[in-house]
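**Student:** Handing you this structure, nothing more for now.
The values are calculated or read from the model by the stated rules, or taken from the named source; none is laboratory data. Since the model is a prediction, treat every value here as computed from it, not as a measurement. Quick reminder, even Gly has a Cβ in these numbers, built from the backbone with ideal geometry, and neighbours come from all protein chains shown.
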Amino acid sequence: MTKVGFEALYSKLNKRQKEAVDQIDGPVMVVAGPGTGKTQILAARIANILKETDTNPGQILCLTYTDAGVVAMRDRLIQFIGPLAYRVNIHTFHSLCNEIIQFNSSYFGYKNLQPASDLDTEKILREIIDELPNDSPLKRFKGDIYYEASDLKNLFDILKKEHFEIEVLKEQAERFFKDKEDSGDFVYKVNGKNFKKGDIKHKDYKEERLKIDRLKASLDLFGVFNQKMAERRLYDFSDMILWVLKAFKEDKDFLLNYQERYLYFLVDEFQDTNGSQLELVNYLAEYWDIPNLFVVGDEDQSIYRFQGANVKNIDLFRTQYQQHLSTTVLTDNYRSAQPILDASRALISLNTERIATIDKVLFSKHPEFSKVTDLPVIRSYTNPIQETVAVGNAIKALHKQGVPYKEMAVLYRNHKHVEDIIKYFNTSDIPYNSKRKVNILTELFVKKLMTMLKYISAELNKPYSGEAYIFEILNYDFYDIAPLDLAKISVEIKNKRGTKWRDFLSEESGGQQDMFANQAGHGSKVEIKRLASDLEYWIKEANNVTVPQLIERLIAKGGVLSYVMQADSKRWQMQMLRTFFDFVKEEAARKPDLTLQEFIETVELYQSSEIPIEAMQVLHVPDSVNLMTLHGSKGLEFEHVFIIRSIDSEWIKKRGNNRDFGLGKILNSAAEESDIEEVRRLMYVGMTRAKKGLYMSYYKKDLKEKEVNKLQFIAELEEKAGLKEEHGIVSDEDILDFEMHYYQYEATPEFELLDHDYLDVLLEKYTLSATHLNTYLKCPVTFYFNHVLRVPSAKSESASFGTAIHAALEELFKNYSENKVMPSVADVIGYFDYSMYLNRDSFTEQGYKRHKEHGKQTLTKYYEKYRSEWEQESVYVIEKNMAHIELGGVPIKGKLDKIVFDGNDAYVIDFKTGNFETAVKKCKPPKDEPKEGHYEETYGGDYWRQMVFYHLLIDNFTEKSWQMKRGEMNFVEPDKHDNFHKEVFTISHEDVAVVKQQIKDTYLKIKAHEFEKGCGEDNCHWCNFVKFYLKKEVHITETLPGSGVDEEEGMS
DNA sequence: TGAAGACCCATTTTT
DNA sequence: TGGGTCTTCA
């Protein structure tokens, strides 16, 4: 190892760099353009201080924003001063604050403060919202959650990002609104148009008011939130600088402790929330009349405003220390060719959010690239596929010329922009590095583990309650069991009524019986035995060990680990496994007596709250092309840089999106220009990553042939930097070749059915019902698994809730017709509670409480609304079973909730739980010219069909000569405005004819075993099952969309 | 012409 | 969920 020392490295600095380093006293600001060596300056400055003064290294505090920055800083410093570098305090702002909090936690009033997880925060917010008064706009009952998810997100964002502003701005905001309203020039933005108070409609005005009200409510929440966090000895990362600042303000001794500790402060750029980092540094430095402060930064590269970074910080700093400040501008660029620097400067000069007096004209000083004269390239392509293929081809060509892959990068605005490129790289074997965060909870692999845990937990709590999971687990590729054998077993089990999967499996593993010796393949049998004994082992172990231990055994004992070791993407699978296990351990550390059930509920809470558990998916291939977002590229450099998908609408988002209507957005509703400047800086950062070759591209028409606008910065570059756009052309052959691979992914799932003779036997006595008909029309694959193989399925919370409501109503009417006395509300709620109790195992503890409360309220309102109506009805039947009915050779059956009679005239009533708004489209008949693939328009809505089906049942019911006059869907739950709804159906001849035909067609198709083609919907449980589990290979980024449990409609 | 309905789409990232 | 945009209907 060559020994490097200060002198040697110092001599390599240029004049301006030396200037910045040499002045060792007083505040210094270094404005450094890209590629000018910021880290080197920081390191050299520290080295110089140590050389020129008798300062102890421990008295120097160097602050940066990221951990990566700390590492880079330390490495650089080692080159200058060797091991001494370890004695210099290099911190991130956060780690410094963390240290202060930990060290002084008693000052903050709490011992053993812990950082809060996102879930803690979520839980606290839920609690707060639960405590809000019922008329609060934040608390609206929606389904089974007591708040609007988007509100929660907004709150969360406000709390996280803006809580500095809040205290100050709360008052400001209110004054702002009041003044504006009073003066009449409050400009409301509604549907993208501006309105003044005079010409705004009442409705729009109200919407705007609502936003303000919500905002105010959320501001009030903030105080409560902080208090609750403190009670639990938790702190949010975004909280902690606030806490420390407060401590500095209040306690001068506390401050003194830190001021005496450090003599020099060096800051690597402020990336903070509205000046808090600057404020923190000021507090530390205020001890000295002329502080030894050294700050480096580039206002043109400030691209993290969304996370708090503010261009104004650097300006603020300058004005603050004006008097003694010496400013150095670094203009010697050691990275890029001159044409790249010129072009990027031409672009960034258009920004106004810059330090007015400093115009950084950069000069290329790179020994090799400064000689390069090639201009940056702008290319347009006809469509995105052309662009993808062209970029891929260009990369291949460069590699052929000897450019290593790792010296090339593809930069883009959003992650989704790179998906095509990845497909292209995969098909043409170009190695690439892509670093992105993946939520492991949505990954197939983790979902499989979770299902196994759910099975174990269910069986542990109540034997046989996990039946619904077994079929799925048996199909996992952790074990080598043939799907067809499983299908057969499934049917056999169903035929032997009362037999449970678990019993069957343990018999198999015990080897006492050989049920399927002749049918199932021998290989499958061995594997089934293995899995069966594993499952029993885990269930037994679950009683004796902690959750992390159980999961450890799940991984080690079963097929999981060996599967991972053999998988193509070992590294990624292991990474997921590790992240998942770390998470388990963390949860267990938080709550030492964690039960499996609790752990599962926690994970489900993460999922429902959309809080990710992230693993960094790093495909580390040594020499490979770098794919990253423009944000991710900050601080890096590559010989050749491709900036793709330069489309205006993709880069510059329209403001006022629904994700947050935080203070910033409302107060700056006119600040669109600064948005554009931020994105222009992003482009600038991207461009200045290139050393030698810079290629920017866009496409003219999207895949729907719609014209798109190119990025305005491209036009600016043409105008201001004199770059010429060229049209890129790709050969048809290349395009075709790529498209072939591209569409391969879209293939519909297919799988192997049981043999036809066997299916015939199964379907011999098949009778069609309305529910079955609906299921088949929607998705034959689901029909096959649910109604032919009859795989046990778990009942969802909402389905069980529906059952309980139905049971309560049934009991009500039964009692009334038998005793002629209307049961009281309390009675009805009693019936409901009893049914809930019977079904309590399909609820979580909280869900059970919530649904019970919701049911109580709903039934009370419903009862009050309809009681008098019910008392008018004299003759009716409840839960009428209609079987052995034949319709043109098709056996049909059904169970009707309630039929009210007037002589032979029958009025059919069906009770529906669930959201009225979403049910409306289910009540519509088919259209004459349906849109391709549109379910309701093609076949009509499920509820409509159900009613027509009932009509057919009654018409063909030979025992009685009833006539169905009317059908009615009665919605038990009111809509948002608390109105109850009935959907009344008068069934026409045409309706009857249509459904008759559907029944016949469907019956024939069932008899002909047409089950292979599913609906292919993203959230279809069984289509996903076929797609992901019956196919025995796993793609790295493949995730399983939708949840494992399907939504039940509660149709009876 | 305006209202109502259907449909599509939901950054960037650090601690 | 909820806004913007495009389509359909009165």
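**Student:** Between a first residue in the stretch A:809-827 that is without any contact (Cβ under 8 Å) to a residue 40 or more places away in the chain and a second residue that is of a type in the set (S, T, N, Q), which pairs have beta carbons less than 8 Å apart while being 6 or more apart in sequence or on different chains?
**Tutor:** Going by the 8 Å Cβ cut-off, the qualifying pairs are A:821/A:815; A:823/A:815; A:825/A:860; A:827/A:815.
**Student:** Just to be sure before I move on: is residue A:391 part of a helix (DSSP H, G or I), touching a strand residue (DSSP E or B) at 6+ places or on another chain (Cβ under 7 Å) and buried (at least 18 other Cβ atoms within 10 Å of the Cβ) in the structure I sent? Steps first, please.
**Tutor:** Values: part of a helix (DSSP H, G or I): yes; touching a strand residue (DSSP E or B) at 6+ places or on another chain (Cβ under 7 Å): yes; buried (at least 18 other Cβ atoms within 10 Å of the Cβ): yes.
So residue A:391 passes the test.
**Student:** Across the stretch A:490-540, what is the number of residues that are closer than 17 Å to residue A:464 by Cα and either at pLDDT 70 or above or under 38 Å from the mean Cα position of the chain (by Cα) (or both)?
**Tutor:** 25
**Student:** Kindly check whether there is at least one residue in the stretch A:499-515 that is touching a Leu at 6+ places or on another chain (Cβ under 7 Å) and surrounded by fewer than 20 Cβ atoms within 10 Å (Cβ to Cβ).
**Tutor:** Looking for residues that are touching a Leu at 6+ places or on another chain (Cβ under 7 Å) and surrounded by fewer than 20 Cβ atoms within 10 Å (Cβ to Cβ), one finds none in the stretch A:499-515, hence no.
**Student:** Please work out which one of (1) closer than 17 Å to residue A:39 by Cβ; (2) in a loop (DSSP other than H, G, I, E, B) is the condition residue A:303 fails and give its number.
**Tutor:** With (1) closer than 17 Å to residue A:39 by Cβ; (2) in a loop (DSSP other than H, G, I, E, B) applied to residue A:303, the lone miss is (1).
**Student:** Would you mind telling me which numbered condition in (1) over 22 Å from residue A:840 (Cβ atoms); (2) touching a strand residue (DSSP E or B) at 6+ places or on another chain (Cβ under 6 Å) residue A:810 fails?
**Tutor:** Going through the list (1) over 22 Å from residue A:840 (Cβ atoms); (2) touching a strand residue (DSSP E or B) at 6+ places or on another chain (Cβ under 6 Å), residue A:810 breaks only (1).
**Student:** Kindly provide the set of residues from the stretch A:362-388 that are surrounded by fewer than 22 Cβ atoms within 10 Å (Cβ to Cβ), of a type in the set (Val, Ile, Thr), touching a helix residue (DSSP H, G or I) at 6+ places or on another chain (Cβ under 8 Å) and touching a residue at least 60 places away in the same chain (Cβ under 8 Å), ordered by number.
**Tutor:** A:372, A:385
**Student:** Mind checking which residues of the stretch A:739-780 are of a type in the set (Val, Ile, Thr) and either assigned to a helix (DSSP H, G or I) or modelled with pLDDT of 85 or more (or both)? Give the steps one after another, and end with the answer.
**Tutor:** Within the stretch A:739-780, the first condition is being of a type in the set (Val, Ile, Thr), and the residues that meet it are A:748, A:761, A:767, A:771, A:775.
Answer for the stretch A:739-780, where residues must be of a type in the set (Val, Ile, Thr) and either assigned to a helix (DSSP H, G or I) or modelled with pLDDT of 85 or more (or both): A:761, A:767, A:771, A:775.
**Student:** Just the residues that are within 16 Å of DNA strand B (Cβ to nearest atom), surrounded by 17 or more Cβ atoms within 10 Å (Cβ to Cβ) and of a type in the set (D, E, K, R), please, taken from the stretch A:69-126.
**Tutor:** A:120, A:122
**Student:** Related question: Go through the residues of the stretch A:888-908 one by one and say whether even a single one is farther than 29 Å from residue A:875 by Cα, within 16 Å of DNA strand B (Cβ to nearest atom) and surrounded by fewer than 19 Cβ atoms within 10 Å (Cβ to Cβ). Outline the logic, then answer.
**Tutor:** Taking the stretch A:888-908 and keeping what is farther than 29 Å from residue A:875 by Cα, we get A:888-890.
Keeping just the survivors that are within 16 Å of DNA strand B (Cβ to nearest atom) gives none.
No: the stretch A:888-908 contains no residue that is farther than 29 Å from residue A:875 by Cα, within 16 Å of DNA strand B (Cβ to nearest atom) and surrounded by fewer than 19 Cβ atoms within 10 Å (Cβ to Cβ).
**Student:** Further question: I need the strands (runs of 3 or more DSSP E) fully contained in the stretch A:565-679, keeping only those with at least 1 residues that are modelled with pLDDT of 85 or more and more than 16 Å from DNA strand C (Cβ to nearest atom).
**Tutor:** A:625-629, A:638-643
**Student:** Could you check the stretch A:788-807 and list, in sequence order, the residues that are closer than 27 Å to residue A:486 by Cα and of a type in the set (Ser, Thr, Tyr)?
**Tutor:** Matches in the stretch A:788-807: A:793, A:796.
**Student:** Ok, one more. Could you list all residues from the stretch A:417-435 that are modelled with pLDDT of 85 or more and either in a strand (DSSP E or B) or within 16 Å of DNA strand C (Cβ to nearest atom) (or both)?
**Tutor:** A:432, A:433
**Student:** With the structure loaded, tell me whether residue A:959 is in a helix (DSSP H, G or I), modelled with pLDDT under 90, out of contact with any Cys (no Cβ under 6 Å at 6 or more places or on another chain) and exposed (fewer than 15 other Cβ atoms within 10 Å of the Cβ) or whether it fails that test. It would help to see each step written out before you state the result.
**Tutor:** Details: in a helix (DSSP H, G or I): no; modelled with pLDDT under 90: yes; out of contact with any Cys (no Cβ under 6 Å at 6 or more places or on another chain): yes; exposed (fewer than 15 other Cβ atoms within 10 Å of the Cβ): yes.
When the stated conditions are applied, residue A:959 does not pass them.
**Student:** Follow-up question, since we're still on this one. Name the residue, out of A:310, A:292, that is away from DNA strand C (no atom under 16 Å from the Cβ), at pLDDT 85 or above, within 22 Å of residue A:329 (Cα to Cα) and buried (at least 20 other Cβ atoms within 10 Å of the Cβ). Working first, answer last.
**Tutor:** Values: A:310 fails: at pLDDT 85 or above.
Matching residue, one of A:310, A:292: A:292.
**Student:** Between residues in the stretch A:465-487 that are under 15 Å from residue A:1027 (Cα atoms) and residues that are of a type in the set (D, E, K, R) and modelled with pLDDT of 85 or more, which pairs lie under 6 Å by C-beta distance while being six or more apart or on different chains?
**Tutor:** Here the result reads A:476/A:448, each pair linking the stretch A:465-487 to a residue that is of a type in the set (D, E, K, R) and modelled with pLDDT of 85 or more.
**Student:** Is it the case, given these coordinates, that residue A:880 is without any contact (Cβ under 8 Å) to a residue 24 or more places away in the chain and not acidic (Asp, Glu)? Give the derivation first.
**Tutor:** Working: without any contact (Cβ under 8 Å) to a residue 24 or more places away in the chain: yes; not acidic (Asp, Glu): yes.
For residue A:880, the condition - without any contact (Cβ under 8 Å) to a residue 24 or more places away in the chain and not acidic (Asp, Glu) - is met.
**Student:** Now, a different point. Criterion first (more than 16 Å from DNA strand C (Cβ to nearest atom), surrounded by fewer than 21 Cβ atoms within 10 Å (Cβ to Cβ) and either farther than 23 Å from residue A:291 by Cβ or not basic (Lys, Arg) (or both)) does residue A:49 satisfy it? Working first, answer last.
**Tutor:** Working: more than 16 Å from DNA strand C (Cβ to nearest atom): yes; surrounded by fewer than 21 Cβ atoms within 10 Å (Cβ to Cβ): no; either farther than 23 Å from residue A:291 by Cβ or not basic (Lys, Arg) (or both): yes.
In short, no.
**Student:** Then there's this: For residues that are closer than 30 Å to residue A:471 by Cβ and surrounded by fewer than 19 Cβ atoms within 10 Å (Cβ to Cβ), scanning just the stretch A:403-446, find the one that is nearest to DNA strand B (Cβ to nearest atom). Spell out how you get there, then give the answer.
**Tutor:** Quick first cut of the stretch A:403-446, residues closer than 30 Å to residue A:471 by Cβ only: A:438-446.
Still in the running and surrounded by fewer than 19 Cβ atoms within 10 Å (Cβ to Cβ): A:439, A:442, A:444.
Numbers: A:439: 12, A:442: 14, A:444: 21 Å.
My answer is A:439.
**Student:** Sticking with this structure for a sec: Can you tell which of A:960, A:931 is charged (D, E, K, R) and more than 23 Å from residue A:888 (Cα to Cα)? Quick ask: steps written out before the conclusion?
**Tutor:** On the way: A:960 fails: more than 23 Å from residue A:888 (Cα to Cα).
From the options A:960, A:931, the qualifying one is A:931.
**Student:** Select, from A:932, A:936, A:917, the only residue that is within 16 Å of DNA strand B (Cβ to nearest atom), within 19 Å of residue A:995 (Cα to Cα) and either free of Cβ contacts under 8 Å to residues at least 40 places away in the same chain or not in a strand (DSSP E or B) (or both). Even if it seems obvious, please write down each step before you answer.
**Tutor:** Numbers: A:932 fails: within 19 Å of residue A:995 (Cα to Cα); A:917 fails: within 19 Å of residue A:995 (Cα to Cα).
Only one candidate passes the filter, namely A:936.
**Student:** From (1) modelled with pLDDT of 85 or more; (2) more than 12 Å from DNA strand B (Cβ to nearest atom); (3) assigned to a loop (DSSP other than H, G, I, E, B), pick out the condition that doesn't hold for residue A:693.
**Tutor:** All conditions pass for residue A:693, except number (3).
**Student:** On the given criteria, is residue A:255 of a type in the set (A, V, I, L, M), away from DNA strand B (no atom under 16 Å from the Cβ) and buried (at least 19 other Cβ atoms within 10 Å of the Cβ)? Working first, answer last.
**Tutor:** Values: of a type in the set (A, V, I, L, M): yes; away from DNA strand B (no atom under 16 Å from the Cβ): yes; buried (at least 19 other Cβ atoms within 10 Å of the Cβ): no.
Considered against the rule, which asks whether it is of a type in the set (A, V, I, L, M), away from DNA strand B (no atom under 16 Å from the Cβ) and buried (at least 19 other Cβ atoms within 10 Å of the Cβ), residue A:255 comes out as no.
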